[in-house]
Amino acid sequence: MKIDSIVNGIVLDHIAAGNSLRIYKFLNLDDLECSVAVIRNCRSKKYGRKDVIKIDSIIDMNLDVLGYIDPNITVNIIRDGKIAEKKHLELPERLVNVIKCHNPRCITSIEQEVDHIFKLTDRENIIYRCAYCETKSDKEEIW
Amino acid sequence: MKHLMDINDLTLSQIDQLIATANDIIADKDKYKDVCKGKKLATLFFEPSTRTRLSFEAAMIELGGSILGFSEAQSSSAAKGESVTDTVQTVGCYADIIAMRHPKEGAPLAASKRTTVPIINAGDGGHSHPTQTLADILTIHREKGRLSNMTVGVCGDLKFGRTVHSLINALSRYEGNEYICISPKELVIPDYVKANILEKNKIEYIETTDMEEYMPSLDILYMTRVQRERFFNEADYVRLKDSYILTPDKLKSAKPDLSIMHPLPRVNEISVKVDDDPRACYFKQVVNGKYMRMALILMLLGIEVK
Ligand SMILES: [Zn+2]
């Protein structure tokens, strides 16, 4: 794949420098048949340094997760070599089965089939709390 | 509102409505004696709490309804390893409304996602116990005629005492309330309560270890128990425990219209000599708790009584 010439695919742009491998892992890009390019530390007018991920296929993607990891990412959907759609992410209000609650007193610790739900309770300081026990999430930790 | 998980699920006008209904029930019990005829309340207590369970059951019986349920996990299918959500979904096929207590935080919320029957959180671990707070609110309203502009002393275990956190949370939605937080240094109010409730709403509060110093300014004194197991060593417990026991002597400087409250059960933190003081309200809280549960059952079942 020539990195610059995706015909139909997705480009994740403006990833904070250093975050691309985490996103690569989290979106399970390893499992894809198509080619995927991770470009690290390239120059950006807006952010100084950034990472970019190019995926040579239009796949389903959990944008909530992406928004949670890095709300500054831009998702470009490429069709016929052109940007068909540009999505700007934001912090999702709710995360379902993205973060795990680690409170041993929480119902999620004993009931297997209960979804782990976190709600954004403080947008300014990016604080998510478990919907069941209100325990604060650990930003670094993703399921 | 379909379920009640937390006191903040209720809007202020819903709280007003519950208070009005409870007061109406107290004024005319006869009018309500058959309004829940044919309806069933299930009390699902995965952890024993006789006091709360009986209050719910008495509430439903006084509304003319019937009750079913279990009082501890051992006597339910949970003992055979059934999940909480499955148990509740099953019971939802028989009952019209469920009051549920569980040692795990958020268990009633998880269960509410699996049933169409209204669920009332009757206590989920150290997390929430909204009907206790409703009992406290009705008591304050009946004693004081208002829920605003009061100096509220909270005393004892302010670190782990969820009833105190919940009461502060509920009263912080009304204007002009301020708090005197009286506790040993080991058991002060947690940072998240200060940050998310008190400081966020710019509410005045004072932290002190001395009960007597602020006694004359209090409109309400909400006592809680200082538990032995909260202390690292026995010596600290022995040294501190008496400072947080309310006696007639300590009440000498208090206002004549102070309301002395306690979520019960008490151990020794309020001397029995205080019980005859007309300012003692803790047994009224028990009675009021039943009336608020009656009002809540009616609200969740959508029953209006003319
Ligand atoms: Zn939790």
Item to check | segment B:47-141: chymotrypsin sites (Phe, Trp or Tyr not before Pro) in DSSP loop, at most 15 other beta carbons within 10 Å | outcome: B:94
Next on the checklist: Once you compute Rg and the Kirkwood Rh from C-alpha atoms, what is the Rg to Rh ratio for segment B:175-256?
Outcome noted: 0.99
Next on the checklist: Quick query: amide H of residue A:87 versus all other amide H atoms, modeled in the peptide plane; which residues come in under 5 Å with a sequence gap of 5 or more or a different chain?
Outcome noted: A:75, A:76, A:77
Checklist outcome for this item: Reported to the nearest 10 Å², residue B:91 has, with a 1.4 Å probe, an accessible area equal to 20 Å²
Next on the checklist: I want to check the label-to-label distance for residue A:85 and residue B:175. Put each point 7 Å from Cα in the C-beta direction and report it in nm to one decimal.
Outcome noted: 4.9 nm
Checklist entry - If you take the beta carbon distance between residue B:159 and residue A:60 as r and set R0 to 41 Å, what does 1/(1 + (r/R0)^6) give as a FRET efficiency, to the nearest 0.05? => result 0.35
Next on the checklist: If you average the alpha carbon positions of segment B:10-78 and of segment A:69-126, how far apart do those two centres end up, in angstrom?
Outcome noted: 39 Å
Item to check | With all protein chains modelled, accessible area of residue B:19 [1.4 Å, Å²] | outcome: 10 Å²
Checklist outcome for this item: One quarter of the C-alpha convex hull surface, i.e. the mean projected area of segment A:9-88 in nm², amounts to 4.9 nm²
Next on the checklist: Give me a comma-separated list of calculated 3J(HN,Hα) values for segment A:25-30, in order, Karplus coefficients 6.51, -1.76, 1.60 applied at θ = phi - 60°, integers in Hz, x for any Gly or Pro.
Outcome noted: 5, 5, 7, 6, 5, 4
Checklist entry - If you put +1 on each Lys and Arg Cβ and -1 on each Asp and Glu Cβ, how big is the dipole of the protein assembly as shown around its Cα centre, in Debye rounded to 20? => result 500 debye
Item to check | Under 15 Å from the residue B:16 label point (7 Å along Cα→beta-carbon), backbone N, segment B:126-151 | outcome: B:146-148
Checklist entry - Residues with amide H under 5 Å of residue A:106's amide H, sequence separation 5 or more or different chain, H placed in the peptide plane at 1.01 Å from N; which? => result B:105
Checklist entry - Where nothing but the Cβ of Lys and Arg (+1) and of Asp and Glu (-1) is charged, how large is the charge dipole of chain B around its Cα centre, in debye to the nearest 20? => result 720 debye
Next on the checklist: If amide hydrogens are placed 1.01 Å from N in the peptide plane, which non-local residues have theirs closer than 5 Å to the one on residue B:99?
Outcome noted: B:42, B:43, B:44, B:120
Next on the checklist: What's the ranking of B:102-108, A:132-138 by average number of surrounding C-beta atoms within 10 Å, highest first?
Outcome noted: B:102-108, A:132-138
Next on the checklist: Using the Cα centre of chain B as origin and beta-carbon charges of +1 (Lys, Arg) and -1 (Asp, Glu), tell me which of B:138, B:197, B:99 is placed farthest towards the positive end of the dipole.
Outcome noted: B:99
Next on the checklist: Could you sort the peptides A:113-121, B:142-150 by per-residue average Cβ neighbour count (10 Å cutoff), highest mean leading?
Outcome noted: A:113-121, B:142-150
Checklist entry - Using unit Cβ charges (K, R positive; D, E negative) and no other charged atoms, how large, in debye to the nearest 20, is the dipole of segment A:94-142 about its Cα centre? => result 120 debye
Item to check | Gyration tensor verdict on segment B:227-306 (Cα atoms; rounded if a/c is under 1.5, prolate if a/b is larger than b/c, oblate otherwise) | outcome: oblate
Item to check | Residue (of B:181, B:217, B:231) at the positive-pole extreme of segment B:154-239, dipole from beta-carbon charges | outcome: B:231
Item to check | Residue-level accessible surface for residue B:277, protein heavy atoms, 1.4 Å, Å² | outcome: 30 Å²
Next on the checklist: Please compute the contact order of chain B in relative form: average sequence separation of alpha-carbon pairs under 8 Å and at least six residues apart, divided by the residue count, as a percent.
Outcome noted: 19 percent
Checklist entry - Pairs A:100/B:80; B:104/B:194; B:80/B:290; A:54/A:119; B:39/B:290: which are spaced more than 21 Å apart, C-alpha to C-alpha? => result A:100/B:80; B:104/B:194; B:80/B:290; A:54/A:119
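Could you tell me the calculated FRET efficiency between residue B:51 and residue B:236, based on Cβ-Cβ distance and R0 = 35 angstrom, to the nearest 0.05?
0.75
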Checklist entry - log10 I(q)/I(0), Debye, Cα-only chain A, no solvent, q = 0.09 Å⁻¹? => result -0.32
Item to check | Quotient of C-alpha Rg and 2.2 N^0.38 Å, computed over segment A:94-142 | outcome: 1.05
Item to check | Length gained when the stretch residue B:306-residue B:1 is fully extended (0.36 nm per residue, less Cα-Cα span) | outcome: 107.7 nm
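Using only the Cα atoms, what convex hull volume per residue in Å³ does the protein assembly as shown have?
On the way: hull volume 86.4 nm³, N = 449.
Convex hull of Cα atoms, per residue: 192 Å³.
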Checklist entry - How do B:93, A:42 stack up against each other in accessible area, from largest to smallest, with a 1.4 angstrom probe? => result B:93, A:42
Checklist outcome for this item: For segment B:84-126 the residues that are at least 50 Å² less accessible with all protein chains than alone, 1.4 Å probe, are B:104, B:105
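Mind checking Rg over Rh on chain B, alpha carbons, Kirkwood formula for Rh?
On the way: Rg = 19.6 Å, Rh = 20.1 Å.
Taking Rg over the Kirkwood Rh, I get 0.97.
The values are calculated or read from the model by the stated rules, or taken from the named source; none is laboratory data. In this text the structure is predicted, and so the values were computed from the model without any measurement. Quick reminder, even Gly has a Cβ in these numbers, built from the backbone with ideal geometry, and neighbours come from all protein chains shown. Heads up: the accessible areas ignore ligands, DNA and RNA and are worked out on the full protein's heavy atoms, side chains in. Shrake-Rupley method; radii C 1.70, N 1.55, O 1.52, S 1.80 Å.
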